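Note sheet for the following structure.
The values are calculated or read from the model by the stated rules, or taken from the named source; none is laboratory data. This is a predicted model, so every value here is computed, not measured. Don't worry about glycine lacking a Cβ; one is built from the backbone with ideal geometry, like all the others, and counts go over all protein chains shown. Accessible surface is based on the protein model in full, side chains and every heavy atom, while ligands, DNA and RNA are left aside. Shrake-Rupley method; radii C 1.70, N 1.55, O 1.52, S 1.80 Å.
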Amino acid sequence: MSRCKGLPSRPKRTKYSHQFIEHLPDNLDDGVLYISVRYATAAHRCFCGCGREVVTPLHPTKWKLTFDGVTTSLHPSVGSWSLACKSHYWLQDGRIDWADMFTDEQIKAAQSRDLRDQVNYFAPPAIAPVTTAAEKPKKKSVSLVEKLLGWMGVKW
């Protein structure tokens, strides 16, 4: 199966560079992953060569960015499901590792997982039922003498 429905006459990239920026530039350069920490967003032109902009929001339910002081990586893979090329690749340590293209069924399953992850992340925490004083079982009060006799093994 083809890895991309992009431009078959152009070789796909195998490496990328990164730039930390505050705001995305109006025109993204080919082969550059732009990262705005302030806006928790990364963006690039699709690495297949189709020229479309790919935006990856950085968030616990979306993509995680790692920076080792020299290179960057995004996790999980980038699947450009809404683009005509439907490119699918991993961005790891400045390398582009091309993955097999997903089928329509795989895309739907991935989108369903993404939606479930977001719903679970933003769902309010489960609240334990509130018990009123009237509902709590009453403990028999034990006097100090009864405790002492109990410790000594004397039945009262």
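For the set 122, 67, solvent exposure ranked by accessible area (probe 1.4 Å, protein chains only) runs largest to smallest as 122, 67.
Here's the list of aspartates and glutamates a cross-link from residue 12 could span, going by alpha-carbon distance under 14 Å and ignoring same-chain residues fewer than 8 apart: 30, 97, 100. Taken along the Cα-to-beta-carbon direction at a fixed 7 Å, the label points for residue 66 and residue 112 span 3.0 nm.
The apolar share of the surface of the range 45-99, taken as the fraction of accessible area on carbon and sulfur atoms (1.4 Å probe, ligands and nucleic acids excluded), comes to 55 percent. Under 5 Å from the amide H of residue 94 lie the amide H atoms of 72, each residue being 5 or more positions distant or on a separate chain, with H modelled from the backbone and absent for Pro and chain starts.
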